[in-house]
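Enquirer: My questions will all concern the structure given below.
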Amino acid sequence: MKPAPFAYAQAETLDEAFGLLAEYGDDAKILAGGQSLMATLNMRLSEPELLIDINRIDGLAGISDNVDALRIGAMTRHVDVETSEAVATHTPLIAQAMDHVAHPAIRNRGTFGGSIAFADPAAELPACAVALGVTMHIAGSAGERDVAAADFFKGLYETAIGPDEILTAVSVPKIAPGWKSGFMELARRHGDYAIIGLAAHVEIDGGTFGAAHLVFFNAGDRPIGAPQTAALLNGEVWSEELADRLAAALKDELDPPDDLNADGPMRKHLAGVLVKRTLSPLAGA
Amino acid sequence: MDKHVDINLTVNGEAVTRRVEARTSLVDFLRYDVGLTGSHVGCEHGVCGACTIRVDGRIVRGCLMVAAQADGADVWTIEGVSETGEIRDLQDAFVERNALQCGFCTPGMLLTLAELMARKPDASRTEIREFISGNYCRCTGYQAIVDAVEMARNKGASA
């Protein structure tokens, strides 16, 4: 379908974008990569009065090394994250996930910040953000503020970004010695939204697990952590028996929804499959 | 606010100046305003890949950009890359291997594969399949398309 008519403004600066957001309120939408927004407009799921294009604002794209973290500008295209040596070296979870974020033509245009700000519960990057404990940098006419990933995702497509604010960058902590990351999703077609997926970030010392973050996507209305299940890993070495205990614990801890691809019980089962397939290679098993 | 936008861009190397509705997608602009109908419109929500075009050196979904965003951009379509001969080996291999039947997906498939061959000339068959995972073909079953890529690059290597 074709979108309903809208006006289009190209913001040259963040202040200009904030001004338009203040003026138009809910009738305006921020256009970043547009790879989700344009689809919803074309399907007329959304009919804004105005699109505020932020693609030409200087300083919103690029990856910089800030000693303990990589700062990834919100307008950094997925392809530039995918091919970044710094990302591959310091944030392997993000590097592993990128290949699953849609398809090459979409990764060429879609943005790192856009995917996080859109907060699709089936998307890869929000789950990675929670698993890694990233910091969101949000700006508005009132100034800048930081929000922890754990406090950022509020519900279905809902985030801590205020109505007159824009996500400008994300700081991703560099992987610490003794930690490993694993990423896996189950999808009908490579690059499509996952039926369910897992971003895992675990401490492991000579085969013995320590602290662990297991965050699932498309398992609820936002990235869904499984801290009780993750805690079972502490002090354990990998075994089939451990895999079975983790899978059983996930059935209690997760409450995934039904949709046309899978019902809740099937998703719970697949969560156990993902944990097994993701963690066993990390343990060298 | 005005729901029209003035744009200047180059399409297949030629300067184009138009006034467009802000909501006009880049692929509709190319088809209806510029008259280049080689880029196809399938799903209009970024799933099928039929509208794949090249903007500033990278393939994009023509249905997920508005023409207004292409102001100042360098846009190439299947017509342009056919005329320059850039993808001739690949096109010949598509014919040779029967890598198309109805042809609807072919322009998008060719532009996608041209980018793969530039970025990763030694891609494995699995990697080729992953790279075209965003381009639906309902005729060939993809096997012949992957064959064609291998054939084209072997020819390129021996030339």
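What follows is calculated from the coordinates using simple rules that are stated; it is not laboratory data. As the structure is a computational prediction, the values presented were derived from the model and not from experiment. Positions of Cβ are backbone-derived with ideal geometry, glycine not excepted, and every protein chain shown enters the neighbour counts.
Here's the yes/no breakdown for (1) more than 21 Å from A:ARG188 (Cα to Cα); (2) surrounded by 19 or more Cβ atoms within 10 Å (Cβ to Cβ):
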position: B:VAL95; (1), (2): yes, no
position: B:GLY103; (1), (2): yes, no
position: B:LEU111; (1), (2): yes, yes
position: B:ARG138; (1), (2): no, no
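Enquirer: So is B:GLY80 away from every other protein chain (no Cβ under 14 Å), in contact (Cβ under 8 Å) with a residue 40 or more places away in the chain and either among the small types (Gly, Ala, Ser) or surrounded by 19 or more Cβ atoms within 10 Å (Cβ to Cβ) (or both) or not?
Expert: Yes: the conditions hold for B:GLY80.
Enquirer: Could you tell me which residue of the range B:37-56 is surrounded by the fewest Cβ atoms within 10 Å (Cβ to Cβ), considering only residues that are farther than 22 Å from A:TYR193 by Cβ and in contact with a strand residue (DSSP E or B) (Cβ under 7 Å, 6 or more places away or on another chain)?
Expert: Among those residues, the one meeting the criterion is B:ASP56.
Enquirer: Given the conditions (1) within 14 Å of another protein chain (Cβ to nearest Cβ); (2) surrounded by fewer than 21 Cβ atoms within 10 Å (Cβ to Cβ); (3) free of Cβ contacts under 8 Å to residues at least 24 places away in the same chain, and given that A:GLY62 satisfies all but one, which numbered condition is not satisfied?
Expert: The single condition A:GLY62 does not satisfy is (1).
Enquirer: Tell me which strands (runs of 3 or more DSSP E) are completely within the range A:142-187 and hold 2 or more residues being touching a strand residue (DSSP E or B) at 6+ places or on another chain (Cβ under 9 Å), or say none if there are none.
Expert: The strands (runs of 3 or more DSSP E) meeting that bar are A:143-148, A:165-173, A:179-186.
Enquirer: Could you list all residues from the range A:17-53 that are assigned to a loop (DSSP other than H, G, I, E, B) and surrounded by fewer than 16 Cβ atoms within 10 Å (Cβ to Cβ)? Steps first, answer last, please.
Expert: First pass over the range A:17-53, keeping only residues assigned to a loop (DSSP other than H, G, I, E, B): A:32-36, A:43-49.
Passing the criteria: A:MET43, A:ARG44, A:LEU45, A:SER46, A:GLU47.
Enquirer: Please work out if A:ARG109 is part of a loop (DSSP other than H, G, I, E, B) and either under 13 Å from the mean Cα position of the chain (by Cα) or of a type outside the set (Gly, Ala, Ser) (or both).
Expert: yes
Enquirer: Here is a check on your reading of the model: is A:ALA69 touching a helix residue (DSSP H, G or I) at 6+ places or on another chain (Cβ under 6 Å) and under 22 Å from A:ALA127 (Cα atoms)?
Expert: Considered against the rule, which asks whether it is touching a helix residue (DSSP H, G or I) at 6+ places or on another chain (Cβ under 6 Å) and under 22 Å from A:ALA127 (Cα atoms), A:ALA69 comes out as no.
Enquirer: Among residues belonging to the range A:22-36 that are in contact with a strand residue (DSSP E or B) (Cβ under 6 Å, 6 or more places away or on another chain) and touching a residue at least 60 places away in the same chain (Cβ under 8 Å), point out the one that is nearest to the other protein chains (Cβ to nearest Cβ).
Expert: Once the filter is applied, the top-ranked residue is A:GLY33.
Enquirer: Identify the single condition in (1) surrounded by fewer than 24 Cβ atoms within 10 Å (Cβ to Cβ); (2) without any contact (Cβ under 8 Å) to a residue 60 or more places away in the chain; (3) in contact with a helix residue (DSSP H, G or I) (Cβ under 9 Å, 6 or more places away or on another chain) that A:LEU125 does not satisfy, given that it satisfies every other one.
Expert: For A:LEU125, the failing item is (1).
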